[in-house]
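Report on the following structure.
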Amino acid sequence: MQRTIELNNDIAEIPQLSAFIDSFAEEAGLDFSLTMSLNLAMEEAVVNVMEYAYPEGTVGKVNISASAEGDDVEFVISDSGTAFDPTAKDEVNIDLGVEDRQIGGLGIHLVRNIMDDIKYERKDGKNILTLYKNKNNVINDLV
């Protein structure tokens, strides 16, 4: 099973992303808890693309595909914006107090903790972020 959606780089379109994931998850037979976690991970990843991939004032596209086969779920987020590898970001030290922590990085931290694997590649002028989840793997503490 595979589904796709294309959004503009406008966070006002995030409700469309949530509806897309909810519909996909229902069709794939995913439970409510996993669906909520996938929504959170995907929103974090897609909002980062919407906010940072394209220069301010530039209209760009974000393509999302979702597929499910057996127990495996895969999401692919692609855009033709500025090259950026979120997987290269250092892990956030969540043990530090807010005042001692660097700004940013919590979104990718959440994505890393929800998903089982994340891969990034730059191919043909596109950022391609692939997120994998086995629906049987329990999601541990997010922070």
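The values are calculated or read from the model by the stated rules, or taken from the named source; none is laboratory data. Keep in mind that what you see is a predicted model, and the values were worked out from it rather than measured. Please note: Cβ atoms are built from the backbone with ideal geometry, for glycine as well, and neighbour counts cover all protein chains shown.
Okay, here's what the table says:
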quantity	calculated
Enumeration of residues in the range 18-50 that are within 13 Å of the chain's Cα centre (by Cα) and of a type in the set (Asp, Glu)	43, 44
Subset tally (residues that are hydroxyl-bearing (Ser, Thr, Tyr) and without any contact (Cβ under 8 Å) to a residue 24 or more places away in the chain) for the range 5-30	1
Pair list, Cβ < 6 Å and 6+ apart or interchain, from the range 34-45 residues that are within 13 Å of residue 19 (Cβ to Cβ) to residues that are in a helix (DSSP H, G or I) and among the hydroxyl-bearing types (Ser, Thr, Tyr)	39/18
Residues within the range 117-134 that are aromatic (Phe, Trp, Tyr) and in contact (Cβ under 8 Å) with a residue 60 or more places away in the chain, tallied	1
Total residues in the range 19-34, condition surrounded by fewer than 17 Cβ atoms within 10 Å (Cβ to Cβ) and assigned to a helix (DSSP H, G or I)	7
Residue check, residue 121 over 19 Å from residue 7 (Cα atoms), of a type in the set (D, E, K, R) and either at pLDDT 95 or above or touching a Ser or Thr at 6+ places or on another chain (Cβ under 7 Å) (or both)	yes
Single match in 51, 44, 13 (criterion: within 15 Å of residue 129 (Cβ to Cβ), surrounded by 15 or more Cβ atoms within 10 Å (Cβ to Cβ) and of a type in the set (Asp, Glu))	44
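Let's see how each residue does on (1) outside any strand (DSSP E or B); (2) crowded, with 18+ Cβ neighbours inside 10 Å:
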{"residue": "17", "(1), (2)": "yes, yes"}
{"residue": "62", "(1), (2)": "no, yes"}
{"residue": "78", "(1), (2)": "no, yes"}
{"residue": "87", "(1), (2)": "yes, no"}
